[in-house]
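Reading through the structure tokens given below for one structure.
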Amino acid sequence: MGIRSTTATPSSRSRPLLAAGLIPAAAALLLAVIASLALGTAHIPAHTVWQALTAYDPSDTQQLIIHEVRVPRTVIGVLAGVALGLAGAVMQAVARNPLADPGILGVNAGAALFVVLAINTLGIVTLSGYVWFGFAGALCAFALVYGVSSLGREGATPIKLALAGAATTAALGSVTSAIILTSNDAFDQYRFWQVGALTRTEDGLLTQAAPFIVAGALCALVSGRWLNTLSMGDDTARSLGQRVGAVRALAACAVVLLCGTATAIAGPIAFVGLVIPHIARAFTGPDYRWILPYSALLAPTLLLTADVVGRLVARPGELQVGIVTAVIGVPPFIALVRRRKTGAL
């Protein structure tokens, strides 16, 4: 890669304090995982949940629900949450835009379009098939946005990235709408997929998705020091000896892997990638070496909590997680923004 190490933005808090803060964040995620396994539309005693995890009996209906429904659902929530949290933080650093997220920069729209094309032209209706098309769509959309914004002498500036992303999102969204309006089958399949949900479990889906998310997470987590320098501006980064193009390529690789896979397995869940980096930044300061791991812990906590809330508030039915995340996440996000100056985000 050849990316030279540079001095990172110092955090306003000490390293031991930041490291200690990861413990309650991990504990919150653990509680969310336990709640996701134990709570739902069907009441299942705690000891039955434990037996399903430690001594699974397929003849027991309640253990079958835990093993076949709630465990995969929880794993998808953790994977998608980690992916969205990390992708949002990386995109905000690269774009130097506090409102950057996979939706604004066109990545979700690209993944959605390719999924619709897979449904409409190839007749693919399985989630395991969606993964590959969602991944390809995210890659093409990000390449298009970055390529368009790179035109001109000044290169891919934050403003050009945002404008190119908004234009790409609108254009791809229009194409997607045109396709689903002319095909009832594509519309029926798409309307269930486009509402973000963690309930789509298929054999082999997690096996296919996990390697992409793990690879994307590693790319994101190792880039924290370079993102610190890049967030100060391209000229500053170059003056510090950083290879801006190589860092952007690494960040793009991480975003495409994370967003494409998360969107394919859980649908285009908005808001998580936007709000979680801000919540993490409120504690860590502007140091991406810490924002990234905090985002990786807090995002799945929010996603699983929203999923559990969606199961409980609409019994015997459920609210999909993509709807609940916006409802429960907006108030704290607005409060956070009101407490901080926009320039400090």
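The values are calculated or read from the model by the stated rules, or taken from the named source; none is laboratory data. Note that the coordinates shown come from a computational prediction; the quantities given were computed from them, not determined experimentally. Using ideal geometry, Cβ is built from the backbone for each residue, glycine included, and neighbour counts are taken over all protein chains shown. Note: accessible area is taken over every heavy atom of the protein model, side chains too, but ligands, DNA and RNA are not part of it. Shrake-Rupley method; radii C 1.70, N 1.55, O 1.52, S 1.80 Å.
Looking only at region 134-154, count how many residues are touching a helix residue (DSSP H, G or I) at 6+ places or on another chain (Cβ under 7 Å) and open to solvent by less than 60 Å² (accessible area, probe 1.4 Å).
Qualifying residue count for the region: 9.
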*asked:* Suppose we filter region 259-310 for residues that are under 29 Å from VAL116 (Cα atoms) and part of a loop (DSSP other than H, G, I, E, B); how many remain?
replied: 5
*What's the number of the condition MET232 fails, among (1) open to solvent by 80 Å² or more (accessible area, probe 1.4 Å); (2) under 23 Å from VAL107 (Cβ atoms); (3) of a type outside the set (D, E, K, R)?*
(2)
_Given (1) at pLDDT below 85; (2) within 23 Å of LEU144 (Cβ to Cβ); (3) open to solvent by 50 Å² or more (accessible area, probe 1.4 Å); (4) not charged (D, E, K, R), number of the condition ILE180 does not satisfy_ = (3)
*List the helices (runs of 4 or more DSSP H) that sit entirely inside region 1-116 and contain at least 3 residues that are at pLDDT 90 or above and among the aliphatic types (A, V, I, L, M).*
15-38, 71-95
*Please work out if ALA27 is out of contact with any helix residue (DSSP H, G or I) (no Cβ under 8 Å at 6 or more places or on another chain), free of Cβ contacts under 8 Å to residues at least 40 places away in the same chain, open to solvent by less than 60 Å² (accessible area, probe 1.4 Å) and within 27 Å of ALA262 (Cβ to Cβ).*
yes
*Is there any pair with a first residue in region 253-281 that is free of Cβ contacts under 8 Å to residues at least 40 places away in the same chain and a second that is assigned to a helix (DSSP H, G or I) and open to solvent by 10 Å² or more (accessible area, probe 1.4 Å) whose Cβ atoms are under 8 Å apart and which are 6 or more apart or on different chains, and what are they?*
CYS253/CYS219
*at pLDDT below 80, surrounded by fewer than 23 Cβ atoms within 10 Å (Cβ to Cβ), closer than 22 Å to ALA217 by Cβ and not aromatic (Phe, Trp, Tyr): does that describe GLY329?*
yes
_Tally of residues being over 30 Å from ILE76 (Cβ atoms) and either of a type outside the set (A, V, I, L, M) or part of a helix (DSSP H, G or I) (or both) across region 227-258_ = 18
_Members of region 230-259 that are touching a helix residue (DSSP H, G or I) at 6+ places or on another chain (Cβ under 6 Å), closer than 17 Å to TRP290 by Cα and at pLDDT below 85_ = LEU230, SER231
*Six or more apart or on different chains, Cβ under 6 Å: which pairs go from a residue in region 41-56 that's in contact (Cβ under 8 Å) with a residue 60 or more places away in the chain to one that's exposed (fewer than 14 other Cβ atoms within 10 Å of the Cβ)? Could you list them?*
THR41/ARG315; THR41/PRO316
*Restricting attention to region 57-96, and to residues there that are free of Cβ contacts under 8 Å to residues at least 60 places away in the same chain and of a type in the set (A, V, I, L, M, F, W, C), which single residue is surrounded by the most Cβ atoms within 10 Å (Cβ to Cβ)?*
ILE66
